[in-house]
């Protein structure tokens, strides 16, 4: 007998031995009953022994085949165990990341191409939610982009960037309105608001020395990403996080009419449970986010 092992024949033998029936073995393996019979014949020739005897409508293992199958089952269990370990190991290269919707659209997605070039072995699964902090167990995630002060019980938090509020608009405004030159001129413009950040305009106008401008008028959107897109389309003036619109400023899709950036205590963080900190995919993402 040579070193070659007829693996398909071994699988057919294992299935037939467990079921005591070629038809059910064929169903398990998604092949025909005739194919099972041929595989058994190949294995019997290879081993030089008889594997089954037919009794009434059932097949039974010969004594030699019974001993052989017992050892084969141990081998198949080892194969299944090794396969499970490899599959579990490969999952370490998957990062399940939850983001705020605007962060995902305006910061993460533009950087994913570079990340995939540098870490082709890492798969990122991105989900979005406004819930903060994220429920890691319920959402089945490894890490989350959080907005706050960086202190969440049970989580490590890596600072990404501070909140820097900047006023922006498209290069052309609707109805031919001129781009404002001074903060007090905002009184004549449509202000674009995020329902998630209702105090942004009030904070900025007070810092800009224009508290007389009504901070609660204008159009309201579910999140800053929608308000930003409305600004790009010329619907009005938005107040957004500078790190999330830097590329739009570089390309001219947005302009910043005032030389004023307001910083507050809040910031964006990459948060994750301590037990996840050494996850290879998370280590790679932290390295990318730090640049």
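The values are calculated or read from the model by the stated rules, or taken from the named source; none is laboratory data. Everything numeric here is computed off the predicted structure, so don't read it as measured data. Positions of Cβ are backbone-derived with ideal geometry, glycine not excepted, and every protein chain shown enters the neighbour counts.
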Filter result for the condition that a residue is under 17 Å from residue 102 (Cα atoms), in contact (Cβ under 8 Å) with a residue 24 or more places away in the chain and surrounded by fewer than 19 Cβ atoms within 10 Å (Cβ to Cβ), over 195, 219: 195
Sort through 271, 289 and tell me the only one that's surrounded by 14 or more Cβ atoms within 10 Å (Cβ to Cβ), at pLDDT 90 or above and under 28 Å from residue 97 (Cα atoms). 271
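Okay, residues lined up against (1) under 30 Å from residue 277 (Cβ atoms); (2) at pLDDT below 90:
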{"site": "175", "(1), (2)": "no, yes"}
{"site": "179", "(1), (2)": "no, no"}
{"site": "184", "(1), (2)": "no, no"}
{"site": "195", "(1), (2)": "no, no"}
{"site": "199", "(1), (2)": "no, yes"}
{"site": "230", "(1), (2)": "no, no"}
{"site": "246", "(1), (2)": "yes, yes"}
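With the condition kept exactly as written, say whether any residue in region 125-139 is out of contact with any helix residue (DSSP H, G or I) (no Cβ under 9 Å at 6 or more places or on another chain) and more than 28 Å from residue 94 (Cα to Cα).
Going residue by residue through region 125-139, those that are out of contact with any helix residue (DSSP H, G or I) (no Cβ under 9 Å at 6 or more places or on another chain) are 125, 132-135, 137-139.
This time we only want the ones that are more than 28 Å from residue 94 (Cα to Cα), so: none.
No, that holds for no residue.
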Here's a check for you: in region 198-216, which residue that is within 35 Å of the chain's Cα centre (by Cα) and without any contact (Cβ under 8 Å) to a residue 12 or more places away in the chain is surrounded by the most Cβ atoms within 10 Å (Cβ to Cβ)? 198
Name the residue, out of 252, 236, that is buried (at least 17 other Cβ atoms within 10 Å of the Cβ) and in the same structural domain as residue 210 (by TED's automatic domain parsing). 236
Residues of region 1-53 satisfying the condition of being at pLDDT below 85, outside any helix (DSSP H, G or I) and either surrounded by fewer than 17 Cβ atoms within 10 Å (Cβ to Cβ) or over 43 Å from the mean Cα position of the chain (by Cα) (or both): 1, 2, 3, 4, 5, 6, 30
Residues being at pLDDT 90 or above and exposed (fewer than 13 other Cβ atoms within 10 Å of the Cβ): count how many of those fall in region 100-111. 1
Filter region 112-126 down to residues that are in contact with a strand residue (DSSP E or B) (Cβ under 8 Å, 6 or more places away or on another chain) and touching a residue at least 60 places away in the same chain (Cβ under 8 Å) and give me whichever is surrounded by the fewest Cβ atoms within 10 Å (Cβ to Cβ). 123
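Looking only at region 125-136, decide whether some residue is closer than 30 Å to residue 259 by Cα and part of a helix (DSSP H, G or I). Don't jump to the end; show me each part of the working.
Filtering region 125-136 down to residues closer than 30 Å to residue 259 by Cα leaves none.
Taking every residue of region 125-136 in turn, none turns out to be closer than 30 Å to residue 259 by Cα and part of a helix (DSSP H, G or I).
Which of the residues that make up region 255-283 are outside any strand (DSSP E or B), under 22 Å from residue 139 (Cβ atoms) and touching a strand residue (DSSP E or B) at 6+ places or on another chain (Cβ under 8 Å)? Give the steps one after another, and end with the answer.
Initially, region 255-283 is screened for residues outside any strand (DSSP E or B), giving 256-260, 274-283.
Restricting the remaining residues to those that are under 22 Å from residue 139 (Cβ atoms) gives 274-283.
274, 276, 277, 279, 281, 282, listed by residue number.
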